Amino acid sequence: MPHQKFQSSNIKPRYSKGKISVFGINSVYPRPPWIAAWWAASFPGFGHMYIGKYLHGFVLIVWELVVNNMANLNMGIALSFHGKFEEAKAQLNQDWALLYVAVYVYSIWDSYRCAVEINKNHILAEIEDAPVAPSDVSFFDIITLDKKHPWVGMVWSLLSPGLGQLYSGSTIVGTFILAWWIYVCHKAVAVRTWLYSFLGDFSGASAAVDWQWFLFIPSIYAFAIYHAYSSVNENNILFDIEQIRNLRVRAENLEQLNPIDSGNVHLIATFEHSPFLDMAIHDMEKLGVPARNIVALPLENLDSKPHVIDSIHRVDGRSIVDGAMMGGSICAVLGAIYGFVLYWGPIIWGLVGLAGGIVLGLIIEIALNKKKLKLFAGQKSEVILEVACDASLQNQLIKILKSRKALGFALMPKP
């Protein structure tokens, strides 16, 4: 929450909290620098995409696909893990491999550095209390900031990378990941390999697959799932931030500084941050309740525990999915590498590695956070709505609260 508020709605803020446009949604959200560095080490460009620097990420991803492929680096890695070191050296194109090192190290270093700077900008944006426009309408698209389920984004990216990003509202990012996924799968002959694997023709799967291109797939797949989850999470938080600021500005403009002492009925209700809260306030004003008699107070929630699974009702960006997906990406790559020579082939072993790595990552995270960990993110009250009006409107007010998904309400006793 902001430490100091400035009425900056009529001027361009020095430090923006987020941007909504036809291209997608992005925000200055504080992200752990070491996680950004890890994803950059997994695949150059991923660390920058994780922190919202998508243009840098796109450039580095294209660079990785070109230079890695020209150097035949993935083949060298796979053969090295199989103990075929001389064959691995013979596969490498040294001219291209030497170009790889500096940019790879830069990707890790710069993603960490940028994450630190973005965290600073987040603090400054909170101090300035910069506004965020909650929607953008253009000829091409209608983008609105709303609440979505993080796990739904994960499921869509699990079915096809890129779909989870489109679900979260990131049009350009989703399009890029989807096109990139299709291209890499085509070059790796991944669809035919997948078909042979699930028909039980494991020797046919191993013979069909292109090792060099296939080893891009585990990292891409794991990151797409994780990024879809985190981007939905961050957009939900941006919605909360925008709504909290709007409620505070509304209260200030209406001079709602003292408890309501007028009216025959005094009603208190609780809401979570959602579009239904704004609709409820609008419905009450249409009903004839004076705007000054409707006070919406954002709560400072005391639950700061990390959760294994965030939900639409409880989002804080600190879920244990971070460690789980990092473990999944490592083990998926290892499973695919050894799957080239094991009986089940690279597809089955890659999926086994992904599932096993997720479980292993969860176990490690739970062990590190066992004293403060909650399994599920439960529903919470986030806003108190206080209304005073004529007694004749009581039943209509209660009907509005029920239709607009209030978590609960109470009628204050008359003095």
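Under the 0.36 nm per residue contour assumption, what length would be gained going from the current alpha-carbon distance of Ala90 and Tyr343 to full extension? Before the final figure, lay out the partial values.
Values: separation 253, 0.36 × 253 = 91.08 nm, distance 2.61 nm.
Using 0.36 nm per residue and subtracting the Cα-Cα distance, I get 88.5 nm.
Full extension of the chain between Val137 and Ile123 yields a length gain of 2.1 nm, computed as 0.36 nm times the residue separation minus the alpha carbon distance.
Rounded to 0.05, the FRET efficiency of the Leu195 and Ala367 pair, given R0 = 51 Å and the Cβ-Cβ distance, is 0.85. Evaluating kT/(6 pi eta Rh) at 25 °C and 0.890 mPa s, with the Kirkwood radius of the chain over Cα pairs in the Stokes-Einstein relation, gives 103 µm² s⁻¹.
With viscosity set to 1.567 mPa s and temperature to 4 °C, compute the Stokes-Einstein D of the range 163-246, Rh being the Kirkwood radius across alpha carbon pairs; µm²/s, no decimals.
88 µm²/s
The angle between the Cα long axis of helix 150-159 and the main principal axis of the chain comes to about 30°, on a 0 to 90 degree scale. Rounded to the nearest 500, the helix-only mean residue ellipticity at 222 nm of the chain stands at -19000 deg cm²/dmol, with each DSSP H run of n ≥ 4 adding -39,500 (n - 2.57).
Counted over the chain, the DSSP beta bridges are approximately 90% antiparallel. Give the Debye-formula value of log10 I(q)/I(0) at each listed q (0.11, 0.19, 0.20, 0.23 Å⁻¹), with one equal scatterer per alpha carbon of the range 3-122, two decimals each. So the normalised log intensities work out to -0.50, -1.00, -1.06, -1.21. For the chain, the longest principal axis of the C-alpha atoms and the axis of helix 171-188 are separated by about 20°. Working from label points 7 Å from Cα in the Cα-to-Cβ sense, the Leu299 to Ile182 distance is 4.6 nm.
Per residue, the convex hull spanned by the Cα atoms of the range 40-186 amounts to 153 cubic angstrom. The simple Förster model, with R0 at 56 Å and r as the Cβ-Cβ distance, assigns Met412 and Val359 a FRET efficiency of 0.65. Charged neighbours of Leu65, selected by a Cβ distance under 14 Å, balance to -1 (K, R count +1; D, E count -1). If one takes the longest principal axis of the Cα atoms in the chain, at what angle in degrees, from 0 to 90 and to the nearest 10, does the Cα axis of helix 94-128 lie? Its long axis makes an angle of about 10 degrees.
Only the coordinates and a few stated rules stand behind these numbers; no lab work does. None of these values were measured; they are calculated from a predicted model. Here the Cβ is made from the backbone with ideal geometry for all residues, glycine too, and neighbour counts use every protein chain on show.
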